[in-house]
Amino acid sequence: MPRRRPGRVRADAHFRLRTHPTEVIRISNLPGLSPHGRAVLAYLEHTRLWPGAAADALRIWERFVRSPYHRIHDYRYDEGCGVWECCPSLIEVQQILTTVEHKLPRRDARRFRRRVRRLDELW
């Protein structure tokens, strides 16, 4: 039996995460990731996080550091209302970004870290 090329296996990874032929799980599409990096991210979100967690965390962190009021944020009162879409915990956002950083392949992790570092410089 002929073996499939590794690139083809990685490119098809997100199709294996379907639960039903008509239902597709949302997967973060971060720009600059290789097909292998996307597959790793899809697997991470499917097993340890939730669908779209990396993109949501990056979007929330970017919105927070670009806000002119971010300097008055006090981590002691970081819990908010507890609803992720309304008042996300910034500690949890940073933990998700760190988890994604560590689980991505080297090249993709470098690109991802560079993007997060640019945002951290605004902090």
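Looking only at region 30-54, count every residue that is open to solvent by 10 Å² or more (accessible area, probe 1.4 Å) and under 17 Å from residue 83 (Cα atoms) and tell me the total.
Result for region 30-54: 3.
Which of the helices (runs of 4 or more DSSP H) found entirely inside region 1-119 contain at least 1 residues meeting this: modelled with pLDDT of 85 or more?
Details: elements: 6-11, 35-47, 53-66, 90-103.
Answer list for region 1-119: 35-47, 53-66, 90-103.
Of the numbered conditions (1) surrounded by fewer than 16 Cβ atoms within 10 Å (Cβ to Cβ); (2) touching a Ser or Thr at 6+ places or on another chain (Cβ under 7 Å), residue 108 satisfies every one except a single condition; which is it?
Looking at each condition in turn, residue 108 falls short on (1).
The values are calculated or read from the model by the stated rules, or taken from the named source; none is laboratory data. Note that the coordinates shown come from a computational prediction; the quantities given were computed from them, not determined experimentally. So basically every Cβ, Gly included, is an ideal-geometry build from the backbone, and we count neighbours across all protein chains shown. When the accessible area is computed, the model is the full protein with side chains, heavy atoms only, and any ligands, DNA or RNA have been set aside. Shrake-Rupley method; radii C 1.70, N 1.55, O 1.52, S 1.80 Å.
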